[in-house]
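A short write-up of the structure that comes next.
The values are calculated or read from the model by the stated rules, or taken from the named source; none is laboratory data. Source: prediction; values computed, not measured. Heads up, the Cβs are rebuilt from the backbone with ideal geometry, glycines too, and the neighbour counts pull from every protein chain shown.
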Amino acid sequence: MFPISTSPGVFYDAIMSTLGAAKVYDLPHALGYGERCTAQDAVSTYLAVYLDQGVIGDNKRHWCFKAASRAQVDVFHATGLAAGGRSDGAPELRSDYRPGYYAAFLLDPAGNRVEAVCHLVA
């Protein structure tokens, strides 16, 4: 377990709002964002972050979220830095991944990797 210097809620509230994913619950042991999908809805995004007494578990994870534009990727990165995250890759075109792959990477306060990507070719 890694103690966190910033509240996970502060960090995730900030970055998820830049992607248009509203907070759907805030419990002492878990945070939830987005829309839970149903059998009729196969396109919604949903993230649950489970906490253990104020810390995020030591299993590092990588979450990737689609962004609607390159500008949204830029805002995601800047907002995450301002909310206590650390950069793990500034917003840029990553042609080595695939053509048109524009992404930014953050490390959350516990060191988990969070990515926003836009696949639209400018």
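At a glance:
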item	result
Hits in the range 1-23 (condition: modelled with pLDDT of 85 or more and not in a helix (DSSP H, G or I))	Leu19, Gly20, Ala21, Ala22, Lys23
Scope the range 89-111; condition surrounded by fewer than 17 Cβ atoms within 10 Å (Cβ to Cβ) and over 18 Å from Val49 (Cα atoms); matching residues	Gly89, Ala90, Glu92, Leu93, Arg94, Ser95, Asp96, Tyr97, Arg98, Pro99, Gly100, Tyr101
Some residue of the range 52-60 being at pLDDT 80 or above and either within 14 Å of Asn112 (Cβ to Cβ) or among the aromatic types (Phe, Trp, Tyr) (or both)	no
